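All remarks here apply to the structure that follows.
The values are calculated or read from the model by the stated rules, or taken from the named source; none is laboratory data. Remember, it's a predicted structure, so these values are computed and weren't measured experimentally. Note that each Cβ is placed from the backbone with ideal geometry, even for glycine, and that neighbours are counted across all protein chains shown.
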Amino acid sequence: MTSDSTGRLDDVALTFETRLLEVLAQQRERSRSFPAPYTQLWESLERMARGGKKIRPRLLVDAYQALGGIDERAAVDAACAMELLHIALVIHDDVIDKDLMRRGEMNISGRFASEAMLRGTSRRDANAWGEASSILAGDLMLTLAHSLLARLDIPNGQRQSVLDIFDATVFESAAGEHYDVWLSMHLEPTNPQDVLAMVDQKTAAYSFQAPLVLAAVLAGATTSLIEELTIIARQIGVIYQLRDDVLGLFGDERDTGKSALSDLREGKETLLIAYARSDPAWREVESLFGDDALSVADGHRLRGVIEESGALVFVESLITERCEKVYELVQEASLPTALRELLTTSTTACNSRIS
C-alpha cells in the first residue's frame, strides 16, 4: 500500500478488509508453533473479523479522506486497530453477560465449550474452557490493536497523540462497561441520568469519538476542529446506543439477529427500564426483570408495561432531539463539506437502522 499524492484514497474500504485479514493471518501462522487449540483460537478470531458492519473503521477512513488525508497505510492500520478493539470489547462483553451466542451463531465461548463437551469433558469444565478462551482472545485483540498503532510510520509526536487517544478510549470504555454491570445488579436506585452517563462512556467513546478523533489527528486537523468533532461524536454515540436498546426490546428478531428476551433476561439497565421504573405498574413485573428463565409470555408482559409507561415514547423523543442537536452542531462547526455530509448521514443512519 502506498500514499496517493493526489489526496484521494482509492478503494480504501477493500484495502482495509484485506489488511485486517492479513494482520490476523500473520498471527494465525505465528500460532502454529504452539498447541493446536491456540491456532483454533486465532482461526475463530479471523472468522469474527470477516463479519460485522465495520462501522468504526469505515467511519475513521471516510473521515480521514474527508479531511484531506493522504497516507493510506496509516489510515488503514488505524482503522484495523479500531476494528480489533471492537472485537476485543465484544468478546469480553459476551463473557461478562455469559452469552454463548452472537447473532444466531456460537461465539468463541460457545464454540470452544461445545467442542470440549463433544470430547467428553464436563459442562462445568467446558464452560470454564470457553470463557478462558474468550478472555484470552479479547486480550490478544487489545494488544494487537495497540501494536498496530505503535508501529504507524508517522512523526513521533503524532504517534504519541494516537496512543494517548487509544489509551483514553480503552480506559473510559472499561469504566462504562464496569458501571453497566454495577447498574445491572440493581443495588441502588438508578435514574435516566445514570444510564445516559454509562452509555456515553461505554459506547460513544470508542464507537464514534475515537474513530473521528484519530482520523483528525492523522490528517493533521486543528485542535479546535478536533474539539468540535469530539462533542459531535459523543452525541452520535448516544443516539446509536439508544437505538440499539430500543431494537433490543422492540426490534424484529429477524433483522437484529438477537432474541427480544435477552436484554430482559440479563436485567440490562437501559434508559427504557430506568424510565419505566417510575411507573406504578413496574412493581407488578419487577420480579420478572433479570429472570434468566423468562418465558415468551412474561417477556411480552414486561414489554407491555415498559411501552405503556411512556418509556418508548420518551426514548424515541430523546433520539429525535439528539439527532436535531447533532445536525445543528454539524452545521455550526468549521468542517469540510465532505465531513459535514458524512456526519449528517451517519447520524441519520444510526437513528433509522433496524439491526
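Scanning the range 288-300 for residues that are closer than 13 Å to residue 249 by Cβ and assigned to a helix (DSSP H, G or I) yields a total of 2. Restricting 305, 296, 330 to those that are over 22 Å from the mean Cα position of the chain (by Cα) and under 21 Å from residue 240 (Cβ atoms) reduces the list to 330. Can you find, within the range 301-348, the residue that is farthest from residue 267 (Cα to Cα) among those that are small (Gly, Ala, Ser) and assigned to a helix (DSSP H, G or I)? Looking at the filtered set, the residue picked out is 338. Checking each residue in the range 333-355 for being over 23 Å from the mean Cα position of the chain (by Cα) and surrounded by fewer than 11 Cβ atoms within 10 Å (Cβ to Cβ) picks out 334, 337. On inspection, residue 312 fails the criterion of being within 26 Å of residue 54 (Cα to Cα) and in contact (Cβ under 8 Å) with a residue 60 or more places away in the chain.
Selection of first residues in the range 279-302 that are assigned by TED's automatic domain parsing to the domain that holds residue 261 and in contact (Cβ under 8 Å) with a residue 40 or more places away in the chain and of second residues that are assigned to a loop (DSSP other than H, G, I, E, B) and surrounded by 15 or more Cβ atoms within 10 Å (Cβ to Cβ), restricted to Cβ pairs under 8 Å at least 6 apart or on distinct chains, gives the following pairs, ordered by first then second residue: 290/186; 290/267. The residues of the range 75-101 that are over 19 Å from residue 27 (Cβ atoms), out of contact with any Ser or Thr (no Cβ under 7 Å at 6 or more places or on another chain) and in contact (Cβ under 8 Å) with a residue 24 or more places away in the chain, listed by number, are 75, 93, 96, 97, 99.
Please verify whether residue 195 is under 23 Å from residue 76 (Cα atoms) and at pLDDT 95 or above, treating the condition exactly as stated. Considered against the rule, which asks whether it is under 23 Å from residue 76 (Cα atoms) and at pLDDT 95 or above, residue 195 comes out as no.
Restrict the check to the range 85-98 and report whether at least one residue is farther than 30 Å from residue 213 by Cα, touching a Gly at 6+ places or on another chain (Cβ under 6 Å) and surrounded by 21 or more Cβ atoms within 10 Å (Cβ to Cβ). No, the range 85-98 has no match at all.
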